[in-house]
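The values are calculated or read from the model by the stated rules, or taken from the named source; none is laboratory data. Please read all numbers here as calculations on a predicted model, not as lab measurements. All Cβ positions, glycine included, derive from the backbone under ideal geometry; neighbour counts span all protein chains shown. Quick note on the areas: whole protein, heavy atoms, side chains included, nothing else; ligands and nucleic acids left out. Shrake-Rupley method; radii C 1.70, N 1.55, O 1.52, S 1.80 Å.
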Amino acid sequence: MRSALRFDQLVLRSCCSTNTKSTCLIKGTQQLRFLATPSSGDEKKRWWQKFGGRSGEMKIVGTVIVGIVSWFVDSAIQRRDSKEQLELKGINKKIRDLYGPLYGNRLVRNTSYKAALGEHQSVKEYLQSAKDRNDPEMIRKWRTYVLNVLYPLDEKAERLILHNAHLIAADGNFPEEFEHFLESCAHFKFVIQHWKNESGELRRSDKFTEFDFRWGTNTSSVEHDRVLDHVSTRYSKLRTRQKELSLDGSDDRKLANIFLRLFK
């Protein structure tokens, strides 16, 4: 009786050793159909007794059904895994090449900007303070800090956006924050040229005029807070989706294994 109960597994195992899952199921079903149609009455009786009567027959049919279902479940999970792996690969690239470095860049830029202003709340307030004190040296210090610290950070952010525009475009329309940032950076390069003399060095503070105290001649029109907010939001969403995809694959595989063990 014990050998009869395992007959269904032996039949499937014999064909699965050299065939794919789908071919195995077809051949296994054909063998079972052949065995299920004995040629004589005595053979029918012996076959029925040998394989446990209706109980054995149901086990054989059940094994075939479970095999078919498990194959479809496994195939569906593999297709979904392939799709999610492709999405995960794209997200990893966006984080690694664009949004990760850009997020860190904007955080450093924001911190450096606040450090330069000190007790002042904005560049306008800083420039107004310099004008009220009639202190052109404050303007020169600001420009030196911009050229040595802030502007290099903006240049790096500009390169990141330009070199990875294809990753940005994959999400839909080009963000307004990035578009405005690039336009303002291009204009600011022109503004910086007014800071320098014929030798390409910063003009001395004693050569400054009222024009040098103006907001438009000392900063760009970039709304850096908006850029940081956009990058921060996008980076957070990508990280969340990255974690979801990393967990989903392993969870689905565990559920499939549990399902298969239930019917063994």
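Here is a yes/no grid of residues against (1) open to solvent by 40 Å² or more (accessible area, probe 1.4 Å); (2) modelled with pLDDT under 90:
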position: THR209; (1), (2): yes, no
position: ASP225; (1), (2): yes, no
position: SER236; (1), (2): yes, no
position: THR240; (1), (2): yes, no
position: GLY249; (1), (2): no, yes
position: ASP252; (1), (2): no, yes
position: ASN257; (1), (2): yes, yes
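How many of the residues making up the range 91-119 are open to solvent by 30 Å² or more (accessible area, probe 1.4 Å) and of a type in the set (Ser, Thr, Tyr)?
Total satisfying the criteria: 3.
Looking at this structure, is GLU201 within 22 Å of TYR145 (Cα to Cα), modelled with pLDDT of 90 or more and out of contact with any Leu (no Cβ under 8 Å at 6 or more places or on another chain)?
So GLU201 fits the description; yes.
Going through the range 211-223 one residue at a time, which ones are open to solvent by 30 Å² or more (accessible area, probe 1.4 Å) and assigned to a loop (DSSP other than H, G, I, E, B)?
Across the range 211-223, the qualifying residues are ARG214, SER221, GLU223.
Is the range 175-192 home to any residue that is farther than 19 Å from ARG226 by Cα and open to solvent by less than 50 Å² (accessible area, probe 1.4 Å)?
There is at least one residue in the range 175-192 that is farther than 19 Å from ARG226 by Cα and open to solvent by less than 50 Å² (accessible area, probe 1.4 Å).
Given (1) modelled with pLDDT under 90; (2) closer than 30 Å to ARG159 by Cα; (3) surrounded by fewer than 14 Cβ atoms within 10 Å (Cβ to Cβ), identify the lone condition not met by THR144.
Status for THR144: all satisfied but (1).
Pairs needed: first member in the range 122-151, among the polar types (S, T, N, Q); second member anywhere, at pLDDT below 95 and open to solvent by less than 30 Å² (accessible area, probe 1.4 Å); C-beta distance under 7 Å; at least 6 residues apart or different chains.
SER129/HIS120
Could you please let me know if TYR113 is more than 23 Å from VAL231 (Cα to Cα), assigned to a helix (DSSP H, G or I) and not charged (D, E, K, R)?
no
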